[in-house]
Structures are given as structure tokens and as C-alpha cells.
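The structure appears right after this line, and notes come after that.
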Amino acid sequence: MAKKPSEKEEEYFARMEFERRKKTEEEKHKNMATEEKKRLKELHFMKCPKCGMELIEIDYQKIKVDKCSSCQGVWLDAGELEAVSNLESSTLDKFFSIFR
Ligand SMILES: [Zn+2]
């Protein structure tokens, strides 16, 4: 019977998987023309990655959160998930109440 992977192993494999896929994507980016990158940014900037509708940026406690105007999805920029997880629970409650 196979042993259940430990949390550490799972964390390791998840990180490996992320690194592997990131490498593949970076290779693709290198081969992508500058014009194509510009076109994609213009097309997708501040658009919801799930439904494609406009995102609304809300600034709270120095954290900028993008909320979808249609599907209610919430998106964070690099470093913001860490910032949110460092908020005290009372602040976190207020934070979420903004988006209800
Ligand atoms: Zn959406």
C-alpha cells in the first residue's frame, strides 16, 4: 500500500510542478514578439481572467484588490496575498465586508 505523502512532500511536488510550468511559459514568452505582448496586454488589462468583464480596483489598507464587476471574482497582484494573510482577523473581516 502506498504511503500517504507528507505535507512537506506535497509542498515540494507542488513547487516543482509550478517551477516546471513556469519554465515552459517563460520559453513561450521569449519567442513571443513584442508587438504580440503589447496586443495581449491591451486586450486583457484589468479584465477578469475568468469571465473577461471589467475589474474594479479597490484600495484598502494599502492593498489593491481587483474585483470583477460581473462574476464577483477577486484578484490580487504579486505580494498582495501575503499582505492579506498578514492582516489581523478583525481587519480581515472589514476587508471582506467591503466586497460583499
Ligand atoms: Zn469575472
Practice problem: Select from segment 1-59 the residues that are over 29 Å from Q72 (Cα atoms) and in a loop (DSSP other than H, G, I, E, B) and list them in ascending order. | Solution: M1, A2, K3, K4, P5, S6, M32, A33
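Could you check segment 67-78 and list, in sequence order, the residues that are closer than 18 Å to F99 by Cα and either open to solvent by 50 Å² or more (accessible area, probe 1.4 Å) or among the aliphatic types (A, V, I, L, M) (or both)? Before you say what the answer is, go through the steps one by one.
The first filter runs over segment 67-78 and keeps only residues closer than 18 Å to F99 by Cα, leaving 67-77.
Within segment 67-78, S69, S70, C71, Q72, V74, W75, L76, D77 qualify.
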Quiz item: Failed condition for I56, given (1) within 23 Å of T91 (Cα to Cα); (2) modelled with pLDDT under 90; (3) β-branched (V, I, T), with all others met?
Solution: (2)
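Here's the yes/no breakdown for (1) open to solvent by 80 Å² or more (accessible area, probe 1.4 Å); (2) within 16 Å of the ligand (Cβ to nearest atom); (3) of a type in the set (A, V, I, L, M); (4) touching a Cys at 6+ places or on another chain (Cβ under 6 Å):
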position: K23; (1), (2), (3), (4): yes, no, no, no
position: R39; (1), (2), (3), (4): yes, no, no, no
position: H44; (1), (2), (3), (4): yes, yes, no, no
position: V65; (1), (2), (3), (4): no, yes, yes, no
position: E80; (1), (2), (3), (4): no, no, no, no
position: S89; (1), (2), (3), (4): yes, no, no, no
position: F96; (1), (2), (3), (4): yes, no, no, no
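The values are calculated or read from the model by the stated rules, or taken from the named source; none is laboratory data. These numbers come from a predicted model, not from an experiment. Don't worry about glycine lacking a Cβ; one is built from the backbone with ideal geometry, like all the others, and counts go over all protein chains shown. Accessible surface areas use protein heavy atoms only, side chains included; no ligands, DNA or RNA. Shrake-Rupley method; radii C 1.70, N 1.55, O 1.52, S 1.80 Å.
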